[in-house]
Amino acid sequence: MQEGKYNIKAVSKLLDIQSGTLRAWERRYKFIEPVRNESGHRLYTEKHLQILKWLITKTKQGFTISQAVSLLESTGTLAPGVPETNRKDEQAIKLSDELIEALLNFNENKAHMLISQAFSMYTIEQTIVDVLGSIMVQIGDKWERGEITSAHEHFASNIIKSRISSVMHTIPTNGFLPKALTVCAPGEKHEFGLLIFTVFLKRKGYETIFLGESIADKDLFTVLNIIKPSYLFMSCSLKENLGGTFKLVEALIKDFPDLKVGLGGAALSLISEEDRTAFSGVLMGDTQSNWEEWLKG
């Protein structure tokens, strides 16, 4: 067992994450167990830091923390020094390996065939998060380590996102449920987490229009006036985009009093208690059960 040598204050500073957020993640998801010193204080090992850094990176790429933890549990090698979790079954590992090979060889036909096979083997949610999400993470990690080119990463991401989008558009909706619009918050480009949330909404029966990457505020207002949805959902992953996001939320509430705005994404775990209180009505949480509770409210 590695020796714990970083207290929570040091980890918070090294990774630029609030201590309260770390404690909440550990309590809710139990993906690491810091050792305790004689005084009962948390001490983190190098391995803990690698796992936390990996999770934070994934949340900045658009995943919620619950999705990132799910990927942590289903992905193979995550980062140098982080061992395989061995949670996937052998069939899923084989399919994922073959799909990664096809994508990195630009073999589009085989990639589509293997993705179709995954959808036939697992539920939509399992395929998107545990198989395709895991593959996107592995390919992203390879690109970050310089093992593949940006062309490989773009090709693979476009294939996977296009397949998720095509499946999303085939899910039947309930005409009696309210219409919803999903879009990334101002300045946000990573849309995979938002895609997963949109699939969740569609599976619940909501007629949902997915816009993806952020658009200019004035363009969003134009779209809202055309579509007239009951719900607008936005995803914010990066801390630096929180200010613009909250400013937009305030403008939306003022100009569209009947519109119910929901806000999700990894950056929301980093907000101050003051903002958490001020915007409590729009904060949706990061798990499916959180989303369902919010919709019921």
List the residue pairs whose Cβ atoms are under 6 Å apart, where the first residue sits in the range 135-162 and is under 23 Å from Glu73 (Cβ atoms), the second is in a helix (DSSP H, G or I) and among the hydroxyl-bearing types (Ser, Thr, Tyr), and the two are 6 or more positions apart or on different chains.
Ile135/Ser96
For the range 108-133 the number of residues that are at pLDDT 90 or above and not in a helix (DSSP H, G or I) is 0
Condition first: in a helix (DSSP H, G or I), among the acidic types (Asp, Glu) and either touching a Gly at 6+ places or on another chain (Cβ under 8 Å) or not assigned by TED's automatic domain parsing to the domain that holds Glu292 (or both). Can you find one or more residues in the range 99-107 that meet it?
yes
Can you tell me which of Glu240, Glu213 is of a type in the set (Asp, Glu) and under 20 Å from Gly20 (Cα atoms)?
Glu240
Exception for Tyr206 within (1) surrounded by 18 or more Cβ atoms within 10 Å (Cβ to Cβ); (2) touching a helix residue (DSSP H, G or I) at 6+ places or on another chain (Cβ under 8 Å); (3) among the aromatic types (Phe, Trp, Tyr) falls at (2)
Of (1) assigned to a strand (DSSP E or B); (2) under 18 Å from the mean Cα position of the chain (by Cα), Met136 satisfies all except one. Which?
(1)
If a residue counts only when it is assigned by TED's automatic domain parsing to the domain that holds Val183 and crowded, with 18+ Cβ neighbours inside 10 Å, which helices (runs of 4 or more DSSP H) contained entirely in the range 233-297 have at least 1 such residues?
242-255, 288-296
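May I ask you to verify whether Ala156 is of a type in the set (Gly, Ala, Ser) and within 25 Å of Arg276 (Cβ to Cβ)?
Against the criterion (of a type in the set (Gly, Ala, Ser) and within 25 Å of Arg276 (Cβ to Cβ)), Ala156 does not qualify.
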Can you spot a residue in the range 34-43 that is in contact (Cβ under 8 Å) with a residue 12 or more places away in the chain, part of a helix (DSSP H, G or I) and not assigned by TED's automatic domain parsing to the domain that holds Glu188?
no
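Arg28 - would you say it is among the charged types (D, E, K, R), more than 23 Å from Val137 (Cα to Cα) and within 21 Å of the chain's Cα centre (by Cα)? Spell out the reasoning first.
Values: among the charged types (D, E, K, R): yes; more than 23 Å from Val137 (Cα to Cα): no; within 21 Å of the chain's Cα centre (by Cα): yes.
No; evaluated as a whole, the condition is false for this residue.
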Is it true that some residue in the range 213-224 is in contact with a Lys or Arg (Cβ under 7 Å, 6 or more places away or on another chain) and either part of a helix (DSSP H, G or I) or at pLDDT below 90 (or both)?
no
How many residues does the range 163-187 contain that are surrounded by 12 or more Cβ atoms within 10 Å (Cβ to Cβ) and polar (S, T, N, Q)?
3
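The values are calculated or read from the model by the stated rules, or taken from the named source; none is laboratory data. What you are looking at is a predicted structure, and each value in this text was computed from that prediction instead of being measured. Glycine also receives a Cβ, built like all others from the backbone with ideal geometry; neighbour counts cover every protein chain displayed.
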